[in-house]
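Right, one structure below, let's go through it.
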Amino acid sequence: MRSLTLSRDQKSMAKTSRRDRSPLVGESPVDALVRRLALPPSADFGDLSHAVETLYGRKLRFKEIRGAALHSTTGIVFDAPTFTGVMVAAEDSKYYSLLSRIHELSHLIIRSAPDDWFSAELPRPKQPQQQSRLFLRLCPRNSNETTDEDAVREEALVEELARALVRRLRAFESSSEEDHFA
């Protein structure tokens, strides 16, 4: 179970000024959410991981798993006693592996960001209670395996947030889409 005591970094992140909480002119609500993570100008995946660790309040560990049958999900997130694990398929391309990791981090951002990071334009999807077995539920995107409207809404927001984070990190900006999807 995650500690409810906020670290100094978490308190600092939660105390953003009014100006930082409001979307800038022409900024989408999702881009405003990315900005609130306070990533450095030339942020990389390590910076994003640290920001999510600070926000979520737990150490993150990443693992690529071979032979994983992750056909309808990008990865798996679980809370172990001393860390939160993120597992993705080892067989995925470097680009898709990064996108999968960022997708899973986006779930943690949505679940742990302060309420004032969300608005009427960008409402936080309804979350199950942290003690619920559904807290780390699997919700395959574009799947008919679930009829949970809140889970589907979260997946749509997570995908949008993950794409915004990839743009913010400028991951793979010097190569073409064909390199990633050919």
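The values are calculated or read from the model by the stated rules, or taken from the named source; none is laboratory data. Predicted model, so just to flag it, every value in this text is computed and none were measured. All Cβ positions, even for glycine, are placed from backbone atoms using ideal geometry, and neighbour counts span all protein chains on display.
Quick one: which strands (runs of 3 or more DSSP E) sit completely within segment 37-97 and have at least 2 residues that are among the β-branched types (Val, Ile, Thr)?
Values: elements: 60-65, 75-79, 84-89.
In segment 37-97, the matching strands (runs of 3 or more DSSP E) lie at 75-79, 84-89.
For residues in segment 29-41 being touching a residue at least 40 places away in the same chain (Cβ under 8 Å) and not β-branched (Val, Ile, Thr), which is surrounded by the most Cβ atoms within 10 Å (Cβ to Cβ)? First the steps, then the outcome.
Initial filter on segment 29-41 (touching a residue at least 40 places away in the same chain (Cβ under 8 Å)): 29-34, 36-37, 39.
Still in the running and not β-branched (Val, Ile, Thr): 29, 31-33, 36-37, 39.
On the way: Pro29: 16, Asp31: 18, Ala32: 20, Leu33: 25, Arg36: 20, Leu37: 21, Leu39: 17.
It comes out as Leu33.
Output the number of the condition that Ala156 fails; it satisfies all remaining conditions of (1) of a type outside the set (D, E, K, R); (2) loosely packed, with under 15 Cβ neighbours inside 10 Å; (3) at pLDDT 85 or above; (4) under 23 Å from Lys59 (Cα atoms).
(4)
Going by what's in this entry, would Pro140 be described as modelled with pLDDT under 90 and either touching a Phe, Trp or Tyr at 6+ places or on another chain (Cβ under 7 Å) or surrounded by 16 or more Cβ atoms within 10 Å (Cβ to Cβ) (or both)?
Values: modelled with pLDDT under 90: yes; either touching a Phe, Trp or Tyr at 6+ places or on another chain (Cβ under 7 Å) or surrounded by 16 or more Cβ atoms within 10 Å (Cβ to Cβ) (or both): yes.
So Pro140 passes the test.
Just one of Glu91, Glu64, Glu53 is crowded, with 17+ Cβ neighbours inside 10 Å and either over 20 Å from Arg163 (Cβ atoms) or modelled with pLDDT of 85 or more (or both); which is it?
Working: Glu91 fails: crowded, with 17+ Cβ neighbours inside 10 Å; Glu64 fails: crowded, with 17+ Cβ neighbours inside 10 Å.
Only one candidate passes the filter, namely Glu53.
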